[in-house]
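The block underneath contains the structure these notes are about, expressed in structure tokens.
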Amino acid sequence: MTFTINKAGMEALQNQLSDGLEAIAYAVYDVAYATAPVETERDPAFTRDQLHVNLEHSREWPTPAVFVATGSGDGFWVHEGTVDTPAQPFLAQALDSVRWQFAGLMRSASRGSEYGIHRR
């Protein structure tokens, strides 16, 4: 018995996995945006308003990646804190709060790509 790789099937699977990663990124973004500090001493550009989702690498294989980050240079310091400013880990908290939804988000997003439902 021999097996051959169905390239179209592998590509469809990779697209579904990327769709799922993108859905997770948007779910994390939604929570992070709602809980991010609006104004801090270190970040006068408003950390929350600089928050964004980067999907630039979501279709790269074999290591796809998505990012939820701040566009502000001080976003890291707001999240992690400094010697004079307490940490406000809104991104880590957002990730933790939606972690239980990962499987459902992956499942829904992969079905969405199959049926032509568009991503955000």
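The values are calculated or read from the model by the stated rules, or taken from the named source; none is laboratory data. Source: prediction; values computed, not measured. Quick reminder, even Gly has a Cβ in these numbers, built from the backbone with ideal geometry, and neighbours come from all protein chains shown.
Quick notes on this one:
- In region 80-97, residue surrounded by the fewest Cβ atoms within 10 Å (Cβ to Cβ) [restricted to those that are among the aliphatic types (A, V, I, L, M) and free of Cβ contacts under 8 Å to residues at least 12 places away in the same chain]: V83
- On inspection, T47 passes the criterion of being within 20 Å of the chain's Cα centre (by Cα), at pLDDT below 90, within 24 Å of V98 (Cα to Cα) and not small (G, A, S).
- Filtered residues of region 68-100 (kept if in a loop (DSSP other than H, G, I, E, B), more than 16 Å from the chain's Cα centre (by Cα) and of a type outside the set (D, E)): S72, G73, G81, T82, V83, T85, P86, A87, Q88
- Taking the listed residues W77, W61, the one that is in contact (Cβ under 8 Å) with a residue 12 or more places away in the chain, aromatic (F, W, Y) and within 30 Å of A12 (Cα to Cα) is W61, with no other qualifying.
- Test: residue in region 51-67 that is assigned to a loop (DSSP other than H, G, I, E, B), surrounded by 13 or more Cβ atoms within 10 Å (Cβ to Cβ), of a type in the set (S, T, Y) and at pLDDT below 90: no
- Number of residues in region 1-33 that are more than 14 Å from L55 (Cβ to Cβ) and part of a helix (DSSP H, G or I) equals 13.
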